[in-house]
Amino acid sequence: MGRKNFLIEGGSGTGKTAVCHELRRRGYQAINGDRELAYQGDPETGSPVPGVTGTAVHHHHIWDVDKVKSLVADRTEALTFFCGGSRNAGRFIGLFDAVFVLEVDAETLATRLDERPLDEWGGRKEERRLIEQLHQTRAEIPSGAIPIDATAPLPRVVDDILRRVQASGGA
C-alpha cells in the first residue's frame with residue numbers, strides 16, 4: 001500500500017471513519033480497518049468467533065493480521081493510512097511508521113454517540129456505557145501514540161495529521 005504506513009486509532013466516536021473519508025477525499029490511500037479488515041475473532045489466536053453479540057462484539061473486534069501485513073508490504077503508494085481500532089493491534093502495530101490517536105472530551109463523545117442509530121456500534125445503552133468507560137480509563141489507547149485533538153473541525157484534524165506525517169519524513 002504505502003512506502004510509509006500510519007495507523008489512526010482512537011475510541012469509538014472519536015472520528016476514525018470521518019478521518020478516513022476525508023483522507024480519501026483528498027486523494028490519499030486510506031483503509032477503513034473497521035469495515036475492510038475487521039471480523040469477530042479471538043484476539044490471541046485470530047480464530048473466528050461466530051455468533052458474538054452485545055458488548056462482547058467489542059472484545060472480539062480484530063483485524064486480519066496477514067492482510068494487514070500484506071497491505072503494509074505493498075509499496076505502491078507513498079502514504080497509506082489505516083483507520084480503525086482492533087483488539088489484536090499488538091500483533092501488527094509495529095509495522096506502522098507512526099500511530100495517531102484521535103482524542104475528544106467527554107462532552108464531544110456524548111454528542112457524537114447521541115447521533116448514532118441503534119444499529120450502529122455505540123447506539124445501544126450497554127455499548128455506550130462500555131465506550132464511555134474505555135474513554136474515561138484510556139484502557140485501549142496504544143502507548144506512544146501521537147495525540148490528535150479530534151474536537152476540531154474535520155479538515156483541521158486531517159491537516160494536523162498530515163502536518164505531523166510530513167514532519168516525520170512522510171511525503
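The values are calculated or read from the model by the stated rules, or taken from the named source; none is laboratory data. In this text, all values refer to a predicted model and were calculated from it rather than measured experimentally. For neighbour counting, all protein chains shown are included, and Cβ atoms are generated from backbone atoms with ideal geometry for every residue, glycine included. Surface areas here come from the heavy atoms of the whole protein model, side chains and all, with no ligands, DNA or RNA. Shrake-Rupley method; radii C 1.70, N 1.55, O 1.52, S 1.80 Å.
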May I ask you to list the GluC sites (Glu not before Pro) in region 96-166 that are in a DSSP loop and have at most 13 other Cβ atoms within 10 Å of their Cβ? Glu115, Glu120
So the FRET efficiency between His59 and Ala152, C-beta based with R0 = 22 Å and rounded to 0.05, is 0.10
Cβ-Cβ FRET estimate between His21 and Glu44, R0 fixed at 22 Å, reported to 0.05: 0.10
Residue-span extension gain [Lys125 to Arg164] - 0.36 nm each, minus C-alpha spacing: 10.4 nm
In debye, nearest 20: dipole of the chain around its Cα centre with unit charges on the Cβ of K, R (+) and D, E (-)? 420 debye
Hey, if you put +1 on the Cβ of every Lys and Arg and -1 on every Asp and Glu Cβ in region 108-149, which of Leu134, Leu113, Ala145 ends up farthest toward the positive end of that dipole? Leu134
Among the trypsin sites (Lys or Arg not before Pro) in region 99-144, which ones are in a DSSP loop with at most 13 other Cβ atoms within 10 Å of the Cβ? Mind listing them? Arg138
Cut-off under 5 Å, modelled amide H: who pairs with Asn88 long-range: Trp63
So, taking all protein chains as they sit and a 1.4 Å probe, how much accessible area belongs to Leu71, in Å² rounded to tens? 30 Å²
Which of the GluC sites (Glu not before Pro) found in region 1-98 are in a DSSP loop and have at most 13 neighbouring Cβ atoms, other than their own, within 10 Å? Glu44
